[in-house]
Amino acid sequence: MNGRASFARRGALVLALVPGMLLAIPRSTTATPAVESGALAHGGTYMIAVDAAAPVAAIDLWFRAPDDGYSGETPGLARIAATAAAAAKLASGKTLAETVTQAGGQLSIQVFPDLVTVGAIVPTLAARRVLASLTAAYFAPAIDAAALHAATSDATVIAVQQHYEGDVLVQDLLFSRLFASKPANEPPVPLAIDALSHVTLQEASAFAQRAFRASNAFLTVAGAVDPTILAAVTDGNGPAPAQAPIDAIPVSPLPAPTTQEGSGPAIGIAWIGPPISDERAATALDFVADYLFRERVGTVSAALDRSGTRIDLNGQFVTLHSPGVMLVTLEGTDDASAQTQVLRAVSALQQPMDPAAFAAAREAFLYHLDVDTQTPGEQADMLGWYAAEGAASYAPGGDEYERITRSLDPGYVAATVRRYLSNPTVVRIVVGSSSGGAS
Amino acid sequence: MISRALLLVAFALALPLPVWAQSGALVTHAAGVTLVSQSDSSAALVGVEFTIAAGLDRERLRQDGLAALVAQSVLETPSAGGVSLSDAIAAHGGSVAFTMEAHDVRFYVEALATDAPAVLALFERAAASPDFSAATVRAARDALMREIAGSQQEPLQVGIEMLDFAQANGGNSGLPLFGTPASLVQLAPADASAFYRTYYRRGGSSISAVGRVDALGARALESFATMLPVGATAAVKTVTTPLHGNGHELVARRSISAPWLVVRYGAPSLGNADYGPMLVLAAFLQRTLSDIGEIPGTITPTLASRAVGAEYNFDRVPGELVLYVDGAIDSDPNRTFGAALSVVNILSATRLQGSIAQFKTIAAGDFATRASTLEARAWLGGAFTRRTGSADYLRVTLRAIAATTPGDLQRVARRYLASPTIALVLPRTTTVQN
């Protein structure tokens, strides 16, 4: 779960990772907002985490949809369609983007291979109005040529930006090597901006009509709101099945390590992990990522900091419907010793940790979970991600996640590491022509 | 450790006072210490900020870095299990960090509610009786060295440190937050011990708690208030020669890929009647600068829009407004820098027309969004109590924004935006003329 922050950067904004979560049952050690969930009147599901002390409200819509369209042949289509819906004029005469901005809020659009999310963080007083606009824009999308033009421009900027985001490039490269088919093995926004200019109004509209349906939506709301806010959702299309989660097919066996040229040195390491349905194993790998790679305090992160090297380390387990992925990226180096340091640290966890050290690390992990889910934006984000991936009640911060975390023991974590983290794929990005290209 | 640049807060705009502007904060006093409590039963964590009048202005000029060395030594003090306080607290499910300021040092301790009593007890013991052995001070020095190395690669941080030094006229309150590698090696454990004994006192200190404060138990904050000895201290007066020159430009070179422009203007501090208008003005400048950097027509914010900004640091005395522009957003940084400065000049010289409601709304939304984390809420509660006597930062701020008129905005622009100090952080291969 921790990797979500970086994973989220595949879109535009870095989502504020967030706390709190979600279950209606009070937690044993904490008092995070209780979560109320149910069916929307006109299709779709909702989850609300009320925190009266929060100064803002966060509202997210999550949809299951392939990033390159239902034919799998239109790179960037989900991104363009989602942005166009936000740029289209609503009945109010304003676009969703204008409504959010003029309310003093922030709009974000994120696209992953299998998901699309649109979120707004707004002052509480504007929450009802923004929810009405958000659902009008996405439950009855009406994209016109002007909106498509704006969305294409927006996606083009993101495509260009990607060339300067080393960790995103490495993540996309790793996914392209881990998975055998679309959409998982291609970036949500293509690196080549040419492809974006070919998306037609008809394609964008057709995609929006199919993907952005109330019945395919997970609405998450967090912050100082009350459930009556749902009355603001007046659009929808009645009960209909949500799309099933989109799974990825791993390459087998994983490809051998490779070296490629790039604009900056970097190393990427990835392993295929458990599906979200294996909640205990997924939690164990969340724990491993936190223990080894959390910024500053992870054992590998701290060791790199102490060494004085200028390496940006990011390690996370990305919880997906099936399968999950453990990702580690090291920016600023192509030195094999840093790669070895990561792999040795992972290998060491194949043996059970000292019980006292494990207990301390697990308590620290529980704390980090709550740190990462303390704002309304983070809460709505986490609820939506886990619901869309098919396990809403398992979202970090909730009672179930804490119960599973407390059930972890050194032997189980070691067994999980042996099972999933023995066979990585590795990519090395080097600068200049001396490398001779891919090898 | 948290660098000051990361704590600069920009804010701006006006709305009717919403119901959520009621924080329910409780302000009391015990043993000469101001206590602020914002209990939030929905939170999972407890955060407690300890503010002590032991910041940069307690250093002599030749003691550059001593305040940070003492604070870091507290974090390195051997604690439960024989490990440092930082590691011991992490093992208990919490964290501890400090922020160095011109006048104060602020320690922020955070933990799971169930672990909070034990975690706070660890901090209380270390802060009341830190270890200044050679090994601990060496560890603290090493940690600061790493922090300095990192901050010197951040152009905004470099620019702000230059502007701070200029603002303080070379005095101690403008010294580098963590000293310099050269100054730190001159500081001995005895220096750290003496500084602690002299300046870690209750006078002028405050404690601000937020979240599941109930988990700490009754009268916990009152107990923390007696952690340090009684007594008050004063800043060390430093005698400096004023900086002379025709211009107000400072230049540094670092190993960066593009030049940065960092501009400082004077600004009202919290408690000043101009606080609200300056929030709105900061929102106006932030929006305008973003428009300069942004690619026209984009729907979602891009990297370009985040490469420019206006940050209003109202917790400082005097306050300051910092504008920054990353020259990498344009192939001609001169053009972008010129446009940014022109915006300010025009704003201060031209009569404003039209509604400012939009900027008031943005200012309010920005303030509320930034006040979402426990650490921000603890800091705001403490800062507002010290400067205004009220911990109800949302109510105070939203009222100040709502009351702002176009005339206020014009007046404040003219008063504060006339005389900037400019810092340029350049790639090593670039000349000032370029």
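For A:G238, are the conditions met, namely being touching a residue at least 24 places away in the same chain (Cβ under 8 Å) and either charged (D, E, K, R) or over 24 Å from A:Y394 (Cα atoms) (or both)? If you could, list the steps in order and put the result at the bottom.
On the way: touching a residue at least 24 places away in the same chain (Cβ under 8 Å): yes; either charged (D, E, K, R) or over 24 Å from A:Y394 (Cα atoms) (or both): yes.
Yes.
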Subject >> Long-range neighbours under 8 Å by Cβ, at least six apart or interchain, first residue of a type in the set (A, V, I, L, M) within the range A:161-179, second part of a helix (DSSP H, G or I) >> reply: A:V168/A:R9; A:V168/A:R10; A:V168/A:Q162; A:L169/A:Q162
Original post:
Quick check: anything in the range A:32-47 without any contact (Cβ under 8 Å) to a residue 24 or more places away in the chain, under 30 Å from B:A116 (Cα atoms) and not basic (K, R)?
Top reply: yes
**OP:** State whether one or more residues within the range B:154-170 are within 23 Å of the chain's Cα centre (by Cα), under 15 Å from B:I52 (Cβ atoms) and not in a strand (DSSP E or B).
**Re:** no
**OP:** Please name all residue pairs, on different chains or six or more residues apart, with Cβ atoms under 9 Å, provided the first residue is in the range A:100-126 and is at the interface with chain B (Cβ under 7 Å from one of its Cβ atoms) and on the phi > 0 side of the Ramachandran plot and the second residue is buried (at least 24 other Cβ atoms within 10 Å of the Cβ) and basic (K, R).
**Re:** A:G104/B:K360
**OP:** Could you tell me which numbered condition A:A240 fails, if it satisfies all but one of (1) of a type in the set (A, V, I, L, M, F, W, C); (2) buried (at least 16 other Cβ atoms within 10 Å of the Cβ); (3) assigned to a loop (DSSP other than H, G, I, E, B)?
**Re:** (2)
Original post:
In the range A:180-194, what residues are assigned to a helix (DSSP H, G or I) and closer than 17 Å to A:V168 by Cβ?
Top reply: A:I193
Original post:
Under the condition of being touching a Lys or Arg at 6+ places or on another chain (Cβ under 8 Å) and surrounded by fewer than 24 Cβ atoms within 10 Å (Cβ to Cβ), which residue from the range B:360-377 is nearest to the other protein chains (Cβ to nearest Cβ)?
Top reply: B:A371
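Let's see how each residue does on (1) buried (at least 20 other Cβ atoms within 10 Å of the Cβ); (2) touching a Ser or Thr at 6+ places or on another chain (Cβ under 7 Å); (3) modelled with pLDDT of 95 or more; (4) not acidic (D, E):
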residue	(1), (2), (3), (4)
A:E261	no, yes, no, no
A:G264	no, no, no, yes
A:G268	yes, yes, yes, yes
A:D286	yes, no, yes, no
A:S307	no, no, no, yes
A:D312	no, no, no, no
A:V325	yes, no, yes, yes
A:D334	no, no, no, no
Original post:
Regarding B:D408, is this residue in contact with a helix residue (DSSP H, G or I) (Cβ under 9 Å, 6 or more places away or on another chain) and either surrounded by fewer than 17 Cβ atoms within 10 Å (Cβ to Cβ) or within 14 Å of chain A (Cβ to nearest Cβ) (or both)?
Top reply: no
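When you scan the range A:349-358, do you find a residue that is under 19 Å from A:G119 (Cα atoms) and either without any contact (Cβ under 8 Å) to a residue 60 or more places away in the chain or part of a helix (DSSP H, G or I) (or both), even just one?
no
Looking at the range B:63-97 only, could you name the residues that are among the acidic types (D, E) and under 23 Å from the mean Cα position of the chain (by Cα)?
If the condition is that a residue be among the acidic types (D, E) and under 23 Å from the mean Cα position of the chain (by Cα), then B:D64, B:E76 are the ones that fit.
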Subject >> For A:G332: the one exception among (1) away from chain B (no Cβ under 12 Å); (2) over 29 Å from A:L115 (Cβ atoms) >> reply: (1)
**OP:** Check whether at least one residue in the range B:83-90 is modelled with pLDDT of 95 or more and in a strand (DSSP E or B), and report yes or no.
**Re:** yes
**OP:** Starting from residues that are polar (S, T, N, Q) and part of a strand (DSSP E or B), keep the ones in the range A:32-76 and report whichever is nearest to the other protein chains (Cβ to nearest Cβ).
**Re:** A:S37
Original post:
List the pairs whose first member sits in the range B:22-42 and is in contact (Cβ under 8 Å) with a residue 60 or more places away in the chain and within 10 Å of chain A (Cβ to nearest Cβ), whose second member is among the basic types (K, R) and surrounded by fewer than 21 Cβ atoms within 10 Å (Cβ to Cβ), and whose Cβ atoms are under 7 Å apart, counting only residues at least 6 apart or on separate chains?
Top reply: B:Q22/B:R395
Original post:
Quick one: which of B:T421, B:T429 is farther than 21 Å from B:F359 by Cβ and out of contact with any strand residue (DSSP E or B) (no Cβ under 7 Å at 6 or more places or on another chain)?
Top reply: B:T429
**OP:** Quick one: count up the residues across the range A:335-380 that are of a type in the set (F, W, Y) and either touching a strand residue (DSSP E or B) at 6+ places or on another chain (Cβ under 9 Å) or within 9 Å of another protein chain (Cβ to nearest Cβ) (or both).
**Re:** 2
Original post:
Can you tell me which of A:A289, A:A303, A:A345, A:A338 is in contact (Cβ under 8 Å) with a residue 24 or more places away in the chain and within 28 Å of A:K182 (Cα to Cα)?
Top reply: A:A289
Original post:
Does A:L320 count as modelled with pLDDT of 95 or more, within 26 Å of the chain's Cα centre (by Cα), in a helix (DSSP H, G or I) and crowded, with 19+ Cβ neighbours inside 10 Å?
Top reply: no
**OP:** Could you identify the single residue in A:G93, A:G105, A:G166, A:G76 that is in contact with a strand residue (DSSP E or B) (Cβ under 9 Å, 6 or more places away or on another chain) and at pLDDT 95 or above?
**Re:** A:G76
Original post:
Given B:L122, B:L85, B:L112, which one is of a type in the set (A, V, I, L, M) and in contact (Cβ under 8 Å) with a residue 60 or more places away in the chain?
Top reply: B:L112
Original post:
Here is a list of conditions, (1) hydrophobic (A, V, I, L, M, F, W, C); (2) under 30 Å from B:S42 (Cβ atoms); (3) within 14 Å of chain B (Cβ to nearest Cβ), and A:L383 meets all of them except one; can you say which number that is?
Top reply: (3)
**OP:** Among the residues of the range A:206-237, count how many are surrounded by fewer than 20 Cβ atoms within 10 Å (Cβ to Cβ) and either out of contact with any helix residue (DSSP H, G or I) (no Cβ under 6 Å at 6 or more places or on another chain) or hydroxyl-bearing (S, T, Y) (or both).
**Re:** 10
Original post:
If you scan the range A:127-157, which residues turn out to be over 24 Å from A:R210 (Cα atoms) and facing chain B (nearest Cβ under 8 Å)?
Top reply: A:V157
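The values are calculated or read from the model by the stated rules, or taken from the named source; none is laboratory data. For clarity, every value in this text was computed on a predicted model and none was experimentally measured. Neighbour counts are summed over all protein chains in view; Cβ atoms, including those assigned to glycine, are modelled from backbone coordinates with ideal geometry.
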